[in-house]
Amino acid sequence: MLSNKSNKSLNGKEEEKAFSRSCTLSKQFVDNFQTILPRIIDDCLSKGSLLDNADMKARIKKMSLYYTLETKPLLGELMLYAFEILNGDESPNEELRQKAYVLACVLELGISYFLFIDDIEDESKVRFSKPCWYFLPDVGSLAMNDCSILRSVIHELLRQNFPASMYLQLINFVNKIYIVTAIGQHMDIALASKRNYDNYTMDNYCSMAVNKQIFAIKGPIVFALLLANKATDVFMHQVQDISMDIAILLQIQNDLMDLNCDGLKSSTDIQKGKCSWLAVKALEICNEKQRSIFEKCYGSWDPNHVKVIQELYEELNLSQLFFEEKQTRHEAFLRNIKELTPNIIPGVNFYQKLFKLLVDLKI
């Protein structure tokens, strides 16, 4: 870990003041993201000594931007916002600003990487109201190779823009996140393939959810701590503690989006028998007759069976139960914050903002 330059933390009034003023770096990044990301990708590709093929460069740029430019760069914004709070009133020079923008773009590209894989494994057809990457005519069976390329581009961005010591810390964290997320994805698929509904428990679901969603929670905070040179063991441990409830809620919300398919993403959770929050909650509260219907129809591609499950979800009022779950998770999150050390970095207000923004995130 980088050594902490100072353990001094903003007090409540100072932090509130910091939050109330305009955060120039994060605002400029969001306002200009559509040009910043392509520029950073072009710069990366121009420096690559192993890549001379123009068509391959064009493909890499296309895959890098395909999902990434479709939404507001929320993770990048959060990372830059946290960095500005950690950095106090000190304005970053141009070199530090560039490094900050690269890290923000790495977070956004990381999301695209995981979505590419998620769409392949889920056999989704639509993402962000357009065909999934693997569904494009010139992709198909090349999709997994493209995922490997995109992951390597992320590594290359870090290698090109950071000194060896910091690159090592960043890449160690990124690789750990890759492994944890992949384990979460494995749990998701394994539970569905075995189709043992006795294993569709809230404990198993929460374990899977924390692994699958940890990138979106920890990534922005850890990158900000590393960039601000404040990534002490104490603060890194606190980030892990705070991440749990947000990660679970984020996965629950993603499952609910599958139920209320809005064109942003197509879903086959019911057909594939996924261990979703909806399925777990339904099994938790249903009566014997309802469970019998669930076991007969869940995991079937028959449109009539899918409709029966959707009607069962409505009968069990799962949408309302989600809002109750959201409130419960929020209260648990606030309790966890209050129990942390007084000089937590970033401060309490930042984590409250993180919670609010992430639960509104649609990916």
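The values are calculated or read from the model by the stated rules, or taken from the named source; none is laboratory data. Since we're looking at a predicted model, the values are computed, not measured. FYI the Cβ positions are ideal-geometry reconstructions off the backbone, even for glycines, and counts take in every protein chain you see. Note: areas computed on protein heavy atoms with side chains; ligands, DNA, RNA excluded. Shrake-Rupley method; radii C 1.70, N 1.55, O 1.52, S 1.80 Å.
For the range 41-80, which positions are hydroxyl-bearing (Ser, Thr, Tyr) and at pLDDT 85 or above? Hits for the range 41-80 are Ser46, Ser64, Tyr66, Tyr67, Thr68, Thr71. Taking each residue of the range 233-244 that is touching a residue at least 24 places away in the same chain (Cβ under 8 Å) and looking for partners that are open to solvent by 40 Å² or more (accessible area, probe 1.4 Å) and among the hydrophobic types (A, V, I, L, M, F, W, C) with beta-carbon atoms closer than 8 Å, six or more apart or interchain, yields Asp233/Met1; Met236/Met1.
Do we find that Thr268 is β-branched (Val, Ile, Thr) and part of a helix (DSSP H, G or I) in this structure? In short, no. Selection within the range 274-320: residues that are outside any helix (DSSP H, G or I) and of a type in the set (Phe, Trp, Tyr). The member of this set that is farthest from Gln253 (Cα to Cα) is Trp301.
Can we say Lys57 is under 16 Å from Leu25 (Cα atoms) and assigned to a helix (DSSP H, G or I)? For Lys57, the condition - under 16 Å from Leu25 (Cα atoms) and assigned to a helix (DSSP H, G or I) - is not met. Tallying residues that are β-branched (Val, Ile, Thr), open to solvent by less than 40 Å² (accessible area, probe 1.4 Å) and within 17 Å of the chain's Cα centre (by Cα) within the range 59-78 yields 1.
Looking across the range 284-340 at every residue that is aromatic (Phe, Trp, Tyr) and open to solvent by 30 Å² or more (accessible area, probe 1.4 Å), the one that is modelled with the highest pLDDT is identified as Trp301.
In summary, Ala216 fulfils each of the numbered conditions (1) crowded, with 20+ Cβ neighbours inside 10 Å; (2) not in a helix (DSSP H, G or I) with the single exception of condition (2).
Exactly one residue out of Lys99, Lys125 is over 25 Å from Lys230 (Cα atoms) and out of contact with any strand residue (DSSP E or B) (no Cβ under 6 Å at 6 or more places or on another chain): that is Lys125. Among the residues making up the range 119-164, a single one is open to solvent by less than 40 Å² (accessible area, probe 1.4 Å), part of a loop (DSSP other than H, G, I, E, B) and of a type outside the set (A, V, I, L, M, F, W, C): Ser124. Of all residues in the range 321-339, those being part of a helix (DSSP H, G or I) and either of a type in the set (Val, Ile, Thr) or closer than 17 Å to Phe235 by Cα (or both) number 5.
Within this structure, Asp55 fails the test of being open to solvent by 60 Å² or more (accessible area, probe 1.4 Å), of a type in the set (Asp, Glu) and within 22 Å of the chain's Cα centre (by Cα).
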